[in-house]
Amino acid sequence: MVKIDGKTMTCGLLGNPVEHTMSPAIHNTLAELQGHSLVYVPFLVDHGKLGQAVAGARALHIKGLNVTVPYKTEVMQYVKELDPLAQQIGAVNTLVETEEGYKGYNTDMPGLYRAMVSEGIRIEEEKVIVLGAGGAARAVCFLLAFHKAKQVYLLNRTVDKAQKIAEEVNGFLGKELVVSMALQDYDRLPDEKMLAIQATSVGLAPHDDEVVIDEPAFYEKVHTGYDLIYRPLETKFMKCVKAAGGAAYHGLKMLLYQGIIAYELWNHVFVSEEQAEVVYEAMKEAMGI
Ligand code: NAP
């Protein structure tokens, strides 16, 4: 248990809603493991009050903040400085206090990368299927570009949105990395097994039985499936991947590592894999599993 005194640092989460967040379990466990006098609390920010919340946090010397739905884009206008990766992705989920104001970072994508590395999943030189074209899928496509994936097939219900992301990423890279497609056109994918990242909101609890593509023929093209969803811990997408003989992972480790990277930025420390394991167990306990 952290001893609270006059030197205790405060960190927290800005979002709406915040009551189901697992971030306090991540950061308060890290504070204990690292021996820091730091407490992390969720802050419910009413709609239209984000600017006031950030200014208030700054006035109170809140050391670091996470930002969640629906404020990851809006918060960009309230930071003093933006990390280049966050600027490219167009979303900020972490604020770090500096002398001038907050600096905005995106730790979701480095978090996903660290989670994949910890599971032994490779991106470099790989052909990758991405399902979805929302904020998370867009960020995943930039991550795949940064880590030199060989080809990205971006499948979405609304093809225009996939096309827009493809144009942005390809324009940034100066080459045709991302190919946009409609979901039902999966049979035009190359006849080989690939990594598939599920970045739609389909299958999120309580809709556990839903999946964006139901046909077994699609899963014949998947050797590894990574679902960004972590509620439930085994999604229908993961079940489909496994039924076709592939390996499947949920998004809880992505959440773990985005938190760990934020904590490292706030405190200028490194969190070891052993400590990450302890935090992961605390998260599962907080989830009741
Ligand atoms: P978003 O911007 O709202 O995008 C939602 C995506 O899901 C769009 O591609 C949308 O397709 C698709 N979709 C929704 N309903 C559909 C349906 N009935 N049929 C087909 N496609 C459908 O959401 P987001 O912010 O990108 O987040 C996506 C998921 O990632 C969420 O479930 C979130 O929980 C997860 N996530 C996890 C982490 C983590 O730490 N593990 C971090 C971030 C996000 P259209 O474009 O056609 O509407």
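For the reader, a short list of remarks on this structure follows.
- Once you reduce region 88-115 and region 136-211 to the center of their Cα atoms, the two points are 22 Å from each other.
- In the chain, the DSSP-assigned H stretches of four residues or longer account for a calculated mean residue ellipticity at 222 nm of -11500 deg cm²/dmol, using -39500 (n - 2.57) per stretch and the full residue count as denominator.
- Mean Kyte hydropathy of -0.5 or more with a Cα span along the axis of at least 20 Å, helices from DSSP in the chain: 159-173, 252-267
- Extension gain, residue 3-residue 215: 0.36 nm per intervening residue step, less the Cα-Cα distance, totals 70.9 nm.
- Averaging 1/r across all pairs of distinct Cα atoms in the chain and inverting the result yields a Kirkwood radius of 19.7 Å.
- Extension gain, residue 160-residue 184: 0.36 nm per intervening residue step, less the Cα-Cα distance, totals 7.2 nm.
- For peptides 243-249, 90-96, sequence by mean Cβ density within 10 Å, most packed first: 90-96, 243-249
- Our estimate of slack between residue 274 and residue 34, defined as 0.36 nm per intervening residue step minus the Cα-Cα distance, is 85.2 nm.
- Beta bridges assigned by DSSP with both partners in region 42-197 are antiparallel in approximately 30 percent of cases.
- Distance in nm between pseudo-label sites at residue 285 and residue 243 (7 Å out along the Cβ direction from Cα): 3.7 nm
- Cβ-based exposure ranking for 210, 281, 97, 273, in which fewest neighbours within 10 Å come first: 273, 281, 210, 97
- Restraint check, 49/253; 49/161; 49/72; 221/242; 164/236; 127/175, Cα-Cα greater than 19 Å: 49/253; 49/161; 164/236
- In this label model, residue 59 and residue 99 are separated by 2.4 nm, measuring between points 7 Å along each Cα→Cβ vector.
- Where both bridge residues fall in the chain, DSSP classifies roughly 15% of the beta bridges as antiparallel.
None of the figures in this text is laboratory data; all of them are computed from the coordinates on show. It should be emphasised that the depicted structure is a prediction, and the values quoted were computed from it without experimental measurement. No Cβ is skipped: glycine too gets one built from the backbone with ideal geometry, and neighbour counts run over all protein chains shown.
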